[in-house]
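Worksheet: the structure to be examined is printed underneath.
The values are calculated or read from the model by the stated rules, or taken from the named source; none is laboratory data. Predicted model only: the values in this text are computed from it and were never measured. Every residue, glycine among them, receives a Cβ derived from its backbone with ideal geometry; neighbour counts consider all protein chains shown. Please note that ligands, DNA and RNA were not included when accessible areas were found on the heavy atoms of the full protein model with its side chains. Shrake-Rupley method; radii C 1.70, N 1.55, O 1.52, S 1.80 Å.
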Amino acid sequence: MAENILDVRNLKTFYRTRLKESVHAVDGVSLQLKEGRVLGIAGESGCGKSTLALSLMGFYFPPLHFGSGELVLDGVDLMKIPYETLRKNYLGTEIAYIPQAAMNALNQTRKIARFAVDILTEHRPELSREQMINMAAEKFKFLNLPERVLNAYPSELSGGMKQRTVIALSSLLNPKVLIADEPSSALDVSSQKMVITMLRRMMREGYVKSMIFITHELPLLRHVADDIVVM
């Protein structure tokens with residue numbers, strides 16, 4: 001039987017309002033993600049899916065705060081290590097996140113290559129800029145994105161290409177766990193199929209070990225997920 005690569009135990013997170021009130025968005029969630037499998041998380045709008053996705057990263061910034069619980073990734077509780085260690089050694093390399101509304105996640109004033117270089121400068125500083133560009137180009141090619149995309153601004157790309165570009169950048173360092181927060185929303189049917197096929201191929205080829213796929217569309221999970229959690 002496959003080992004749990006991610007083990008979440010009684011996770012509680014909350015938002016702090018301007019009036020110092022606490023709004024509990026994730027309240028006592030426990031789940032397990034096994035290596036080589038896709039865990040689907042479904043739920044209606046506003047139930048806390050995206051908050052859970054951010055919480056699973058162990059990356060908290062106001063107004064979102066960690067309450068209690070354990071977030072164990074490959075035997076390491078992410079909530080018990082220093083923030084800088086988490087940021088440099090885990091985020092992006094061990095666990096990565098594809099944000100909701102990914103098509104709007106890119107700074108319109110920067111070329112795509114700049115995003116790739118920024119990521120690799122932080123996590124692989126020993127590489128030259130040329131090596132970084134080549135590494136990004138290789139990942140883009142694997143995901144059927146033409147090399148010209150690296151020299152383009154986000155505004156020059158279609159919606160489907162922006163979505164695939166964000167997925168390529170999020171998985172650039174081949175994380176063990178990839179959290180995809182509604183990666184196919186706002187796309188037409190053909191683009192949805194392309195994105196899902198691309199994500200499954202990344203797992204099949206070993207670029208990503210396991211995945212959490214979040215959506216409000218239960219029928220979609222039938223084609224994507226091995227296991228399903230409903231919020």
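Here are a few things to note about the model shown:
- Over all other residues within a Cβ to Cβ distance under 10 Å of Glu3, the charged ones net out to -2, with Lys and Arg as +1 and Asp and Glu as -1.
- J(HN,Hα) series, segment 157-169, from Karplus relation 6.51 cos²θ - 1.76 cosθ + 1.60, nearest Hz, glycine and proline x: 10, 6, x, x, 5, 4, 4, 5, 5, 5, 5, 4, 5
- Qualifying lysines (Cα of each under 30 Å from Cα of Lys209; at least 8 residues distant if same chain): Lys12, Lys34, Lys49, Lys80, Lys88, Lys111, Lys139, Lys141, Lys162, Lys176, Lys193
- Cα-centred dipole magnitude for segment 1-57, charges only on beta-carbon of K, R (+1) and D, E (-1), debye, nearest 20: 240
- The antiparallel fraction among DSSP beta bridges confined to segment 66-224 stands at about 15%.
- Amide H within-cut-off set for Lys34, under 5 Å, with H built and near neighbours excluded: Ile5
- Amide H to amide H distances under 5 Å link Ile179 with Ala96, Tyr97, Ile98, Ile212, where only residues 5 or more positions off or on other chains count and H is placed in the peptide plane.
- In this Cβ point-charge picture (+1 for Lys and Arg, -1 for Asp and Glu), segment 88-228 has a dipole of about 260 debye about its Cα centre.
- Reported to the nearest whole Å, the Cα centre-to-centre distance from segment 208-223 to segment 85-132 is 23.
- Surface composition of segment 121-203: carbon plus sulfur atoms contribute 48% of the solvent-accessible area (1.4 Å probe, protein chains only, all chains present).
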